[in-house]
Amino acid sequence: TPTYIVEYIVRNTVGKLVTERDKSPKQLAAFRVLDAACGSGSFLLGVYHCLLDYYLRWYIEHNPDKYPNAVWQRGEEWRLTVAEKKRILTTHVYGVDIDRQAVEVTKLSLLLKVLEGESTETLQMALPTFQERALPNLDNNIKCGNSLIGPDYFTGQLLPDANELHRVNPFDWEHEFPDAMKAGGPSASSGQGFDCVIGNPPYIRIQMMKEWAPLEVEIYKELYESASSGNYDIYVVFVEKALKLLNKRGRLGFILPHKFFNAQYGEPLRALLAKGKHLSHIVHFGDQQVFAGATTYTCLMFLDKAGSNECQLAKVDDLAAWRANQ
């Protein structure tokens, strides 16, 4: 995904929510951002970069001398400590992908970001006794599994096929991310769930999926309203799942094909979004091509879990001009 798209989506989801009323680190203690199809981690890197900038700016504007564990000064420049960069990463950034190699790439990219701008000298200052790891363990943040299918689907089967179970790789949200999903999940009255779900979900038509994932095709039809109308595309299912994973005030930001606005297979998802008044902001690229080397007609879609009384629509006829104005 192009960097300018990542930055725009992060700015209009994570950026908007953390800057509301100048939120302090304490107020952001339970703030969590998810990419449910994180791939190599470009969106999560964008999230992490945004949060690092926000925290540093907040500390500088609120008497940085009061926060010696979070910031330190080198000459005239204030910088986040290694410990604070680690804390921000493990507190706020979460991802899932069905590809185990992609999960490892995402972890590595985020860990390299922790070390960015550090030297042997600054690491020695941060870890004088070497009793603490220089890099955080991201096993609790970035995980491998099928975001769309939970293990409960197979519990009703007396003898589920072990090979099929391994291939489908169901993901247990409540077990894997208990803090985000506690109190019965995001649909419960407590409103638990993720504050933001962002990303670029896969675009795969059902006709292609039937060739290599016939079981999943039928499972999605059974579990998701958005897959109930014939030849759906998998990205509509990701939108529905993301909405379920958001907390009451959560916000979604995706880049995805705009075909579901008009196609018959998009009718169930359109009905779902209309019912909840979730649409908040659309950037429609028309025939402008965002992805180099691929002909894909896309848009940026922002949804509010709580619903919105109005929707902002921007139609882009000149991609270069739009980029220059962002």
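The values are calculated or read from the model by the stated rules, or taken from the named source; none is laboratory data. It should be emphasised that the depicted structure is a prediction, and the values quoted were computed from it without experimental measurement. Positions of Cβ are generated from backbone atoms using ideal geometry, with glycine treated the same way; all protein chains shown enter the neighbour counts. Side chains are part of the model used for accessible areas, which takes the heavy atoms of the whole protein and leaves out ligands, DNA and RNA. Shrake-Rupley method; radii C 1.70, N 1.55, O 1.52, S 1.80 Å.
Key figures
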| item | result |
| --- | --- |
| Residue in region 65-72 that is under 20 Å from VAL33 (Cβ atoms) and touching a residue at least 60 places away in the same chain (Cβ under 8 Å) present | no |
| Matching option when the condition is at pLDDT below 90 and assigned to a loop (DSSP other than H, G, I, E, B), among THR129, THR122 | THR129 |
| Residue list for region 214-242, restricted to those being open to solvent by less than 10 Å² (accessible area, probe 1.4 Å), without any contact (Cβ under 8 Å) to a residue 40 or more places away in the chain and either of a type in the set (Ser, Thr, Tyr) or assigned to a loop (DSSP other than H, G, I, E, B) (or both) | TYR232, TYR235 |
| Residue in region 6-17 that is touching a helix residue (DSSP H, G or I) at 6+ places or on another chain (Cβ under 8 Å), modelled with pLDDT of 95 or more and among the aromatic types (Phe, Trp, Tyr) present | no |
| Residue list for region 243-265, filter: out of contact with any Gly (no Cβ under 9 Å at 6 or more places or on another chain), under 16 Å from GLU225 (Cβ atoms) and of a type in the set (D, E, K, R) | none |
| Subset of region 192-207 [open to solvent by 10 Å² or more (accessible area, probe 1.4 Å) and not charged (D, E, K, R)] | GLN192, ASN200, PRO202, TYR203, ILE204, GLN207 |
| Any pair with Cβ under 9 angstrom, 6 or more apart, that starts in region 14-38 at a residue that is closer than 15 Å to GLN192 by Cα and of a type in the set (Phe, Trp, Tyr) and ends at one that is open to solvent by less than 20 Å² (accessible area, probe 1.4 Å) and outside any helix (DSSP H, G or I) | PHE31/CYS196 |
| Output for region 291-310, where each listed residue is among the hydrophobic types (A, V, I, L, M, F, W, C), over 25 Å from PHE194 (Cβ atoms) and open to solvent by less than 70 Å² (accessible area, probe 1.4 Å) | PHE291, ALA294 |
| Test result for VAL47, crowded, with 21+ Cβ neighbours inside 10 Å, modelled with pLDDT of 95 or more and β-branched (Val, Ile, Thr) | yes |
| Residue match in region 267-286 (condition: surrounded by 13 or more Cβ atoms within 10 Å (Cβ to Cβ), in contact with a strand residue (DSSP E or B) (Cβ under 6 Å, 6 or more places away or on another chain) and of a type in the set (Gly, Ala, Ser)) | yes |
| Qualifying residue in region 106-118 (condition: under 23 Å from the mean Cα position of the chain (by Cα), acidic (Asp, Glu) and at pLDDT 95 or above) | no |
| Pair list, Cβ < 7 Å and 6+ apart or interchain, from region 176-189 residues that are on the phi < 0 side of the Ramachandran plot and at pLDDT 90 or above to residues that are part of a loop (DSSP other than H, G, I, E, B) and surrounded by 13 or more Cβ atoms within 10 Å (Cβ to Cβ) | ALA180/ARG32; ALA180/GLN192; ALA180/GLY193 |
| Conditions (1) open to solvent by less than 20 Å² (accessible area, probe 1.4 Å); (2) under 21 Å from the mean Cα position of the chain (by Cα): number failed by LYS248 | (1) |
| Elements of type strands (runs of 3 or more DSSP E) contained in region 244-326, each with 1 or more residues being at pLDDT 95 or above and touching a helix residue (DSSP H, G or I) at 6+ places or on another chain (Cβ under 6 Å) | 246-257, 279-289, 297-304 |
